[in-house]
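**Student:** Quick one: the structure is below, and I'll ask about it shortly.
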Amino acid sequence: MAQLGRNRSHRGRAALTAAVSLLVGAACVLLPLTADAAPPAQTAAAAVEAARPAAALAADTRLATFDQQMITLINQARRDRGIAPLTEAVGLTRVSAWWSGQLSAGKTGYQLAHNPDAWTMVAADGAANRTSWGENVAWSSSTASTAQEIFTAYMNSPGHRANILSTAYRFVGMGTVGGGHGLWNTTEFTDQVQPGQAVAPPAPKPTPKPTPAPTQPGTRSRFPDGSFIRDTSNGFVYRIAGGAPVFITTWVPFGGPKSAAAVSPAEIAATRTYPADGTFVRWAGNVYVMAGGAPVHITSWAPYGRVSQPIDLDPAAADRAGSGGQYNHLRSYPADGTLLLDLGVKVIYEVAGGAPLRQSSWAAIGGVRPWVDLDPAALTGLGRGGIWNHLRHVPADNTYLRVGRKTYQVRGGTARFIATWAEVGGPKPVTLVDDTAFRHLGPSGGPGYLLAVIG
């Protein structure tokens with residue numbers, strides 16, 4: 001039996017985020033997130049018997065490989081939902097590892113607790129520019145617990161899951177320590193860190209090509225791009241594109257009926273939510289590139305320097321994108337925070353409320369992140385209707401932008417400064433942007449733009 005530690009939250013200048021803690025074991029009892037709570041008291045926690053016994057580590061040990069596995073799992077979950085992955089930051093990891101070490105050393109009486117000084121510690125260790133922050137902490141009585149087990153426990157808890165999937169965060173720190181009193185994990189999240197803090201991803205090591213193993217039911221390798229699958233519970237047919245199942249209503253676009261593998265709803269749920277960024281798809285003779293879950297029209301292969309084979313889809317899937325149920329494997333517009341590179345002028349745009357806003361600084365938007373290469377015509381044609389309807393000219397109403405330490409609400413194309421979240425009914429997801437879009441207003445400011453800024 002496990003008990004969730006007391007929740008807390010911290011209000012930055014322009015953001016409110018909640019920190020949550022978790023004890024991991026055979027079962028979990030969860031408490032709801034609360035806003036503006038006091039720092040957590042050191043609450044007594046019931047001992048957790050591990051699902052399988054294992055010998056404790058002889059001495060407290062930093063589990064660096066475990067940490068990298070956790071970051072990989074977090075980023076895979078974000079990518080599967082069309083959310084930009086997090087970048088590890090040196091200082092955040094240092095704070096995370098230090099606090100897990102304190103917990104493992106009994107500084108809280110071996111009771112799971114939040115770091116009461118985390119907000120100021122991350123600022124002193126490379127994140128002085130942060131405006132939002134969150135923390136997850138977990139404990140397992142068994143040092144044999146895997147990263148997947150801890151990650152699954154986090155994802156099964158609404159508060160922890162919210163931190164992991166929040167679009168407000170761009171950086172993560174991970175620290176796990178194991179010892180005679182179990183395994184302790186601390187994860188720190190922030191929206192910004194200072195230059196030099198981001199950890200460069202390790203260079204891939206060449207490995208011999210493995211012998212393909214027999215495909216097991218339910219694994220993604222069973223559903224290659226372009227294959228058709230049929231849901232055994234309702235007869236719905238999907239085509240796999242970029243690892244995701246895209247619904248089809250008729251065989252006509254494919255030249256007649258095709259063979260479709262019968263799969264269970266659970267197998268379908270295990271696939272990606274949206275096609276992977278950069279996947280090329282086609283319907284009605286028009287080609288699109290997937291960006292943040294949405295299809296963006298392209299007119300030429302020339303900017304890409306190659307010709308790719310797009311995956312043919314049913315036009316109805318795009319027409320009804322995001323309308324619910326089986327149509328929810330495509331978005332109408334790219335997810336907030338999606339980055340687009342204009343291959344013509346080599347300029348980066350960040351999507352906010354469906355509109356691409358020009359950016360001039362990686363630092364202002366949380367550091368270098370993956371982007372989608374885009375035909376320049378996609379940015380000059382946006383908003384014209386029909387095939388161009390998957391990008392907006394101006395951000396949608398109630399889009400929230402953060403520039404430095406100031407937060408703005410977009411209404412009617414105008415960004416209005418908000419001093420506190422109370423003005424708009426509580427915290428909202430925000431998109432980090434630099435001030436380029438604020439300095440260049442109107443259509444001349446770029447493909448996506450703001451009409452005015454107030455405050």
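The values are calculated or read from the model by the stated rules, or taken from the named source; none is laboratory data. These numbers were taken from a predicted model, which means no experiment stands behind them. Don't worry about glycine lacking a Cβ; one is built from the backbone with ideal geometry, like all the others, and counts go over all protein chains shown. SASA here: full protein model, heavy atoms, side chains in, ligands and nucleic acids out. Shrake-Rupley method; radii C 1.70, N 1.55, O 1.52, S 1.80 Å.
**Student:** Taking region 302-321 as the search range and keeping residues that are over 27 Å from ASP231 (Cα atoms) and touching a residue at least 12 places away in the same chain (Cβ under 8 Å), which one is most open to solvent (accessible area, probe 1.4 Å)?
**Tutor:** Residue satisfying both the conditions and the ranking: PRO303.
**Student:** Collect the residues in region 224-237 that are of a type outside the set (A, V, I, L, M), part of a strand (DSSP E or B), open to solvent by less than 70 Å² (accessible area, probe 1.4 Å) and over 13 Å from ASP312 (Cβ atoms), keeping them in residue-number order.
**Tutor:** ASP231
**Student:** Here is a further query. If I go through region 88-113 residue by residue, how many of them are part of a helix (DSSP H, G or I), of a type in the set (Gly, Ala, Ser) and open to solvent by less than 10 Å² (accessible area, probe 1.4 Å)?
**Tutor:** Qualifying residue count for the region: 4.
**Student:** Still on this model: Could you check SER332 against (1) part of a loop (DSSP other than H, G, I, E, B); (2) within 26 Å of GLY344 (Cα to Cα); (3) open to solvent by less than 40 Å² (accessible area, probe 1.4 Å); (4) not charged (D, E, K, R) and say which number it fails?
**Tutor:** It is condition (3) that SER332 fails.
**Student:** For residues that are within 25 Å of THR65 (Cβ to Cβ) and of a type in the set (A, V, I, L, M), scanning just region 126-146, find the one that is surrounded by the fewest Cβ atoms within 10 Å (Cβ to Cβ).
**Tutor:** Residue satisfying both the conditions and the ranking: ALA144.
**Student:** Still on this model: Within region 400-419, can you find the residues that are open to solvent by less than 10 Å² (accessible area, probe 1.4 Å) and within 15 Å of VAL351 (Cβ to Cβ)?
**Tutor:** LEU401, ARG402, VAL410
**Student:** From the residues in region 261-300 that are more than 29 Å from TRP371 (Cβ to Cβ) and surrounded by fewer than 18 Cβ atoms within 10 Å (Cβ to Cβ), which one is nearest to the chain's Cα centre (by Cα)?
**Tutor:** Step by step, filter region 261-300, then rank; the result is ALA266.
**Student:** Quick one: how many residues across region 413-453 are part of a strand (DSSP E or B), modelled with pLDDT under 85 and in contact with a Gly (Cβ under 8 Å, 6 or more places away or on another chain)?
**Tutor:** So the answer is 2.
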